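The values are calculated or read from the model by the stated rules, or taken from the named source; none is laboratory data. This structure is a prediction, so every number in the text was calculated from the model and none was measured. Reconstructed Cβ throughout: ideal geometry from the backbone, glycine too, with neighbour counts over all protein chains shown.
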Amino acid sequence: MQLGAGKPPVGIVYDSDFGNRIDDALALAVLYGLDGKNECRVVSVTVSKPNLRAAAATEVIGRFYAGAVSGNFGATGRNLPVGLATEGPAAEDTPILRGILDSKKYEHGVHDLNDTAEPHAVIRNAFTAQFDQNCVVVLAGPATNLVRAMNLPGTKDWIAKKVRYLVMSDFEMNSKIDPAAARQLFAEWPTAVFVSGSELGLAMPFPGASLDKEFAWSQAHPVVDAYRAAKQMPYDAGTWDVTAVLQAVRPGEKYFKLSEPGSAKVSDDGRAEFVYSSVGKHRQFTVDPEQKDRAMQAMVELASVKPVVRAPRRPRNAVATDPAKPPAEKKQP
């Protein structure tokens, strides 16, 4: 970041178990749609599903929304290294991953573990690179990667300094995958936490019919391929992770109802519940019937938006170079 420059849009640290449910792909699409509108910056992407193809498919979507479909990928600065867990549950291949990768339609740079990064290091480094209180964390899976990052020396202090809040989707389901990590996260995370329950994603299904309408501008679309592969069409998909992204980036739009303060609690067997308490720093967001249509419209619009190709940036006083060889972009944190 340049000295004297204004504060950039909020940086999003995004961690998911990509490949297990189609809302993983839809959430990434919405996140990159918001990035393209300069409402946020995707500053790190990590995957807790220990499957190399999950990292590859995640990178495919990042490249697509960066402009790969128009041949402009590489000029946008969104080719972030994907952090990938090397151990954990749900390592198997899935129809979603096959739908994106088996056709060989999309390029990616993830072919072995050396093409990925340690997720906890990626997350911690993303924290340190943000302006104070200009980072938001979206957790769309188990808390494993995030807690490992939090346990690195000094990271809790960085979180308290840099992060506004954490948003976790479907906390009841995701807590079951790694109960110990979820308990530690809810007990020790130093900023505000917003969680959603299973009922929110079920109450606001993403319309499968939109694939033939809003997404029709591209003959090849990895999110569409993943959606069609996930289940037999036609169907509408749950939006647990998608609603978490909306709450994270657009809290001022008040798409959802917020509960009174309380605490998310996880028992030894993984059962999670939200307990109201005047001293709690957690809140639950739920469906707002009066805002439901507006939220659904935003999800479809953002997921189906055309990629926004950004010209490389250079310092204001940079010396002009050969226009046939544009200067390399300075990577933004």
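Of the residues making up region 202-231, those that are closer than 24 Å to Ala140 by Cα and not aliphatic (A, V, I, L, M) are Pro205, Phe206, Pro207, Gly208, Ser210, Phe215, His221, Pro222, Asp225, Tyr227, Arg228, Lys231. Each residue in region 235-289 was checked for being touching a residue at least 60 places away in the same chain (Cβ under 8 Å), of a type in the set (Lys, Arg) and either out of contact with any strand residue (DSSP E or B) (no Cβ under 8 Å at 6 or more places or on another chain) or outside any loop (DSSP other than H, G, I, E, B) (or both), and 4 of them qualify.
When you scan region 204-224, do you find a residue that is under 25 Å from Ser277 (Cα atoms), among the acidic types (Asp, Glu) and at pLDDT 95 or above, even just one? No: zero hits.
Pairs are defined by a Cβ separation below 7 Å, a sequence spacing of at least 6 or placement on different chains, a first member in region 220-234 that is closer than 16 Å to Glu107 by Cβ, and a second member that is part of a loop (DSSP other than H, G, I, E, B) and polar (S, T, N, Q); the pairs so defined are Asp225/Ser103. Residues in region 231-263 that are in contact with a Ser or Thr (Cβ under 8 Å, 6 or more places away or on another chain) and under 26 Å from Ile22 (Cβ atoms): Trp240, Asp241, Thr243, Ala244, Gln247, Tyr255, Phe256, Lys257. Set side by side, the residues Gln297, Gln332, Gln284 differ, and just one is polar (S, T, N, Q), surrounded by 10 or more Cβ atoms within 10 Å (Cβ to Cβ) and at pLDDT below 90, which is Gln332.
Here the condition is being out of contact with any Asp or Glu (no Cβ under 9 Å at 6 or more places or on another chain), modelled with pLDDT of 95 or more, farther than 23 Å from Ala126 by Cβ and of a type outside the set (S, T, N, Q); of Leu31, Leu97, it holds for Leu97 alone.
Among the residues of region 151-208 satisfying the criterion of being surrounded by fewer than 16 Cβ atoms within 10 Å (Cβ to Cβ) and among the acidic types (Asp, Glu), which is farthest from Ser263 (Cα to Cα)? Among residues in region 151-208 that are surrounded by fewer than 16 Cβ atoms within 10 Å (Cβ to Cβ) and among the acidic types (Asp, Glu), the one farthest from Ser263 (Cα to Cα) is Asp157. Criterion applied to Gly62, Gly4, Gly36, Gly71 was being in contact with a Pro (Cβ under 7 Å, 6 or more places away or on another chain) and at pLDDT below 95, and the one residue passing it is Gly36. In region 201-218, the condition of being in a loop (DSSP other than H, G, I, E, B), closer than 25 Å to Ser175 by Cβ and not aromatic (Phe, Trp, Tyr) is met by at least one residue. Within region 6-29, the residues that satisfy the criterion of being in a loop (DSSP other than H, G, I, E, B) and over 11 Å from the mean Cα position of the chain (by Cα) are Gly6, Lys7, Pro8, Pro9, Val10, Gly19, Asn20, Arg21. Looking across region 109-128 at every residue that is of a type outside the set (Val, Ile, Thr), within 18 Å of the chain's Cα centre (by Cα) and over 14 Å from Pro50 (Cα atoms), the one that is surrounded by the fewest Cβ atoms within 10 Å (Cβ to Cβ) is identified as Ala121.
Of all residues in region 133-160, which are under 17 Å from the mean Cα position of the chain (by Cα) and among the small types (Gly, Ala, Ser)? The answer is Ala140, Gly141, Ala143, Ala149. Could you check region 251-277 and list, in sequence order, the residues that are surrounded by fewer than 17 Cβ atoms within 10 Å (Cβ to Cβ), within 20 Å of the chain's Cα centre (by Cα) and at negative phi? Those that are surrounded by fewer than 17 Cβ atoms within 10 Å (Cβ to Cβ), within 20 Å of the chain's Cα centre (by Cα) and at negative phi: Gly252, Glu253.
Among the residues of region 215-263, those identified as in contact with a His (Cβ under 8 Å, 6 or more places away or on another chain) and within 16 Å of Gly197 (Cα to Cα) are Pro261, Gly262, Ser263.
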